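The values are calculated or read from the model by the stated rules, or taken from the named source; none is laboratory data. Note that the structure is a prediction, hence the values are computed from the model and not measured. Cβ atoms come from the backbone with ideal geometry, glycine included; neighbour counts cover every protein chain shown. We work out accessible area using only protein heavy atoms, side chains counted, and drop any ligands, DNA or RNA first. Shrake-Rupley method; radii C 1.70, N 1.55, O 1.52, S 1.80 Å.
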Amino acid sequence: MPDRRRPANRKKGGNTAYYIDGNTVRKVQPEPYLPTEEELRIRRKQAAKRRLRQREKAKRQAAARKNQEKAQRLDLGYTLFLMFSALLTVAACVIYLNTQSALTRQNSVISSLESELSTLENENAAARERLNSAVDLSEVYQKAINEYGMTAITEDQIHYYSSDNQDYIKQYQEIPSDK
């Protein structure tokens, strides 16, 4: 808003009075408020409490800062503990890896031995079949009866023996006949 004040008279060396042109009214400034003694006392108490809180806050901040600095420092015991923990972790990892590699080696050895066993079992079965097919049992029976005079077993040649010990029998002498 433009300034509408103009000097009212222009005397040399005299005071210049101003008047306001327009429809604005000057704002009346109220008298300054003077607080009572009670209000001043309350304000002083509040200010003292505020200063006390600020001092306590500053003390807490200083203590916290001191604790943070102390916590950030690495003392000898903490450093040794960290080194021991790191070495223990590395040793555990090395032992684990060695055990894992030994287990892998053993599994590969077991696998190769199993395949070798399977091969040997197959060869053994093939050899058994060759032997069984090479020997004619009826021919052996005829040869035993005709050439060697052998006879088939009869019922009276069978003797049964009972023992208290069922694990095994050691024969120290001939078993007596039932005759």
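Points worth noting:
- Contacts under 8 angstrom Cβ, first residue in the stretch 107-119 being free of Cβ contacts under 8 Å to residues at least 40 places away in the same chain, partner in a helix (DSSP H, G or I) and among the polar types (S, T, N, Q), 6 or more apart: none
- Here Leu74 passes the criteria (1) in a helix (DSSP H, G or I); (2) open to solvent by 80 Å² or more (accessible area, probe 1.4 Å) except the one numbered (1).
- Across the stretch 118-152, the qualifying residues are those that are β-branched (Val, Ile, Thr) and more than 60 Å from the chain's Cα centre (by Cα), and the one among them that is most open to solvent (accessible area, probe 1.4 Å) is Thr151.
- Ile153 free of Cβ contacts under 8 Å to residues at least 60 places away in the same chain and not in a helix (DSSP H, G or I): yes
- Condition broken by Lys12, with the remaining ones in (1) among the basic types (Lys, Arg); (2) in a loop (DSSP other than H, G, I, E, B); (3) modelled with pLDDT of 70 or more satisfied: (3)
- Of Val94, Val140, all but one fail to be farther than 30 Å from Ile175 by Cα, β-branched (Val, Ile, Thr), part of a helix (DSSP H, G or I) and free of Cβ contacts under 8 Å to residues at least 40 places away in the same chain; the exception is Val94.
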